[in-house]
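Notes for the one structure printed next.
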Amino acid sequence: MLVAVLSVKGSPGVTTFSVALAARWPSPSRALLVEADPSGGDVGTRFSLESAPGLVSLAVAARRSDDPALLWQHAQALPGGLPVVAAPPDADRARAALSALADPSTGAGVLRTAASAPDAVVIVDCGRIDAGSPAMPIVRSADAMVLLTRAHADDLAHLARRLPAIGRWTAHPAMLLVGEGYSTAEVARELGVLPLGRVPDDPHGAAVLCGRPSTLRWGRSGPAHSALGQVAHKVAKVLIAEQAPPPALPRQAPADNQPMQVLRAVPGVHGVPGVPASPVSANGLRLAPTPLPPNTENTSRGGQAS
Ligand SMILES: Nc1ncnc2c1ncn2[C@@H]1O[C@H](COP(=O)(O)OP(=O)(O)O)[C@@H](O)[C@H]1O
Ligand SMILES: [Mg+2]
């Protein structure tokens, strides 16, 4: 299973959540994290990893081989043993490696091949993305996409324009709100999208997931017991269920303090300034973009996503 994690604005915690998702992916699957952020990687620096192996060595090796084991061979271990293919901090080098990996003739299939093994899940931190990102081919070939966004008016106003295109990037898109801001119900009401849940502000959990000193430690007591880790674990289980054939997940009333509940009905809520009102969809966990004319899709693929 290939899972793309990304944002379209700001820095809502994509890398932190990607580490949490991979670290807390339910066994018996083997989870691996790939840092595919064109603006350069953070994981290697945060966890004092060696400069190689990583995304650059993977891109070179992928020119010669599409061995499903390649990804694992170019990973280093985070505390607790989580394998990670880290991107170089330098944006130019990261973009070059990603462009090579995304070229079908030189190994675009390496991530897909590794992720297609029955017991494997490859979590890809695609960073902040737009239609021209070298990570976009990864998003488009992913089995699921997790879009992280903060829930303030400016974040939502930005998203409102782009959601119709974003919803077409992947078969199973999902949106997670991060931190304080408009409620899940308000976002659903205004964007016409059912957020999968909310990632809480969790400085201690984020610290351990970023390799900083914390009262929490890695291993079983770190990501597992932080609020971030618990939400990541629930998200993983929902993504797994989404891949499975029906029956569908049960629907329940909205509640921000129960992040994985799915909205069914939205009581009277206030508008978000700058966000045009749109009807609430009832299509489960997926983004529910307003249908656009066919030529709009062509535009979004060829240039800006919005
Ligand atoms: N849920 C969270 N609660 C508190 N702090 C967070 C959370 N997620 C991330 N952070 C912090 O925010 C900063 C940026 O996180 P990062 O994951 O690198 O963002 P992004 O990848 O979106 O740029 C880091 O210092 C991280 O510790
Ligand atoms: Mg990041």
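Structure notes:
- Carbon and sulfur %, accessible surface of region 120-241 computed with the full protein complex present, 1.4 Å: 51
- The accessible area of ASP202, taken with all protein chains in place and a 1.4 Å probe, comes to roughly 30 Å².
- DSSP beta bridges in region 1-154 [antiparallel fraction, %, rounded to 5]: 10
- Under 5 Å from the amide H of VAL178 lie the amide H atoms of THR149, ARG150, ALA151, VAL199, each residue being 5 or more positions distant or on a separate chain, with H modelled from the backbone and absent for Pro and chain starts.
The values are calculated or read from the model by the stated rules, or taken from the named source; none is laboratory data. Keep in mind the model is a prediction, meaning the values are calculated, not measured. For accessibility, only protein heavy atoms count, side chains too; no ligands or nucleic acids. Shrake-Rupley method; radii C 1.70, N 1.55, O 1.52, S 1.80 Å.
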